[in-house]
Amino acid sequence: MSFVPYGRQTIDEEDIKAVVEVLRSEFLTQGPQTPSFESFVASSLGVSHAVAANSATSALHIALLALEVGPGDEVWVPAITFVASANAALYCGASVNFIDIDPSTFNISLGDLEIRLAQARKERRLPKVVIAVHLAGAPAELSRLKDLSTSYGFSLVEDASHAVGASYDGHEIGSCHYSDVAVFSFHPVKIVTSGEGGMATTNNDELARRMARFRSHGITRESAQFEDKQQGSWHYEQQSLGYNYRLPEISAVLGRSQFQKRREFVQKRKEVSARYRELMPDTVFQTQLANSASSHHLEIILVPSEERRSLFEYLRSHGIGVNVHYAPVFTQPYYKSLREDWGFFPNAMDYYERAISLPIYPLFDEGMQKQVVELIKGHKGSQIIF
Ligand SMILES: *Cc1c(COP(=O)(O)O)cnc(C)c1O
């Protein structure tokens, strides 16, 4: 078997044609493609605004800036996520605290969150923002999170990097039915790709305006927003300290072409996921909430901790690109350098000792999948029940 990655993009001739057309066109940046991608995403999801950026990391950063996160503020993030979710808060000068995960959904634990919120209220250090991550594409408990955001007065941001095409209670992720902002990633390993790229969606006009401004140097060209209304039509204003986080036109057109295929991609992934569960009926998989539909970005299984390393190395040595998503963020050397003791996260620690991500992507065919499962089952000395 040649190398099987844990995930990979699906690019067709239509995608290639769209990109080539842009290369032959007038604009490689700041042309019509980015607004067209944004309005396509917004209308597909039924959300008021979509603001494209050159990565989900940038999109998270401008989302937090637009929510006026800064020094003295706290942002709370689940302990198991990609480092970018937490880094975005640090970019704003805010501090980060972590919340433990639920042992079966692997998403933010509402129980742990409630305990920490009650404590933080007493200590008068409530978070300004809580970031919920839909790990592996399985939606977090958005309706309870929304209730908590109302009672404790924090803003709710969804890091939906894994969750393009997922839904919760009939609302597609990104519609912001429960949250202030949702952020997608279009990295090639995610559900749909623009090469590199991200998108922040919101139903709040002012947040959308601020995010668009932070994406492009803090500059606005909307005359209605100008402080100085006497200038000629050359005039633009820098109103805050922004960045260059713009998405190139080539990426925007690819993103649009891909985004319209998200349902097909998710359907294929769903089939792969169902087949794993059928072939390995006694294995511990991620649990989904009953009222939700995952995008199946990752297929994470939990194995006995004393076997994880040998199974992982065994599969890698046979060309299977298994992975571990993720170590608790606070175990990273950088986070350890910020603070010695981040607290007690028993579920996140246990998860990290047992997790393996198996290959899953739309073009992962059944024959290959069966070979991967045979390898897992044949792993020497395996005590894992499959
Ligand atoms: C991939 C990912 C990001 C960052 O996405 P980029 O587009 O690569 O910046 C952020 N959060 C999570 C959970 C991710 O998986």
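The numbers here are math on the coordinates, done by the rules we state, and not lab data. Everything quoted here is computed from the prediction, not taken from an experiment. Cβ coordinates were reconstructed from backbone atoms using ideal geometry, including for glycine residues, and neighbour counts include every protein chain displayed.
Summary of values
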| read-out | value |
| --- | --- |
| Output for the stretch 251-266, where each listed residue is closer than 18 Å to SER39 by Cα and surrounded by 21 or more Cβ atoms within 10 Å (Cβ to Cβ) | SER251, ALA252, VAL253, LEU254, GLY255, ARG256, SER257, GLN258, PHE259 |
| Members of the stretch 52-65 found to be more than 10 Å from the ligand (Cβ to nearest atom) and not small (Gly, Ala, Ser), listed by number | ILE62, LEU64, LEU65 |
| Any chance GLU14 is in a helix (DSSP H, G or I) and not aliphatic (A, V, I, L, M) | yes |
| Among (1) part of a helix (DSSP H, G or I); (2) surrounded by fewer than 21 Cβ atoms within 10 Å (Cβ to Cβ); (3) within 16 Å of the ligand (Cβ to nearest atom), the one test that VAL189 misses | (1) |
| Yes/no for THR220 being away from the ligand (no atom under 16 Å from the Cβ), surrounded by 21 or more Cβ atoms within 10 Å (Cβ to Cβ) and either more than 20 Å from the chain's Cα centre (by Cα) or β-branched (Val, Ile, Thr) (or both) | yes |
| Residues of the stretch 162-186 classified as farther than 18 Å from PHE40 by Cα and within 13 Å of the ligand (Cβ to nearest atom), total | 1 |
| Qualifying residues in the stretch 73-83 (those that are touching a helix residue (DSSP H, G or I) at 6+ places or on another chain (Cβ under 7 Å) and buried (at least 20 other Cβ atoms within 10 Å of the Cβ)) - the one farthest from ALA348 (Cα to Cα) | VAL75 |
| Cβ-Cβ under 8 Å pairs, at least 6 apart or on other chains, the stretch 339-360 side free of Cβ contacts under 8 Å to residues at least 60 places away in the same chain and over 22 Å from GLU313 (Cα atoms), far side among the hydrophobic types (A, V, I, L, M, F, W, C) and in a helix (DSSP H, G or I) | ARG339/PHE330 |
| Residues of the stretch 66-125 classified as out of contact with any strand residue (DSSP E or B) (no Cβ under 7 Å at 6 or more places or on another chain), part of a helix (DSSP H, G or I) and within 16 Å of the ligand (Cβ to nearest atom), total | 5 |
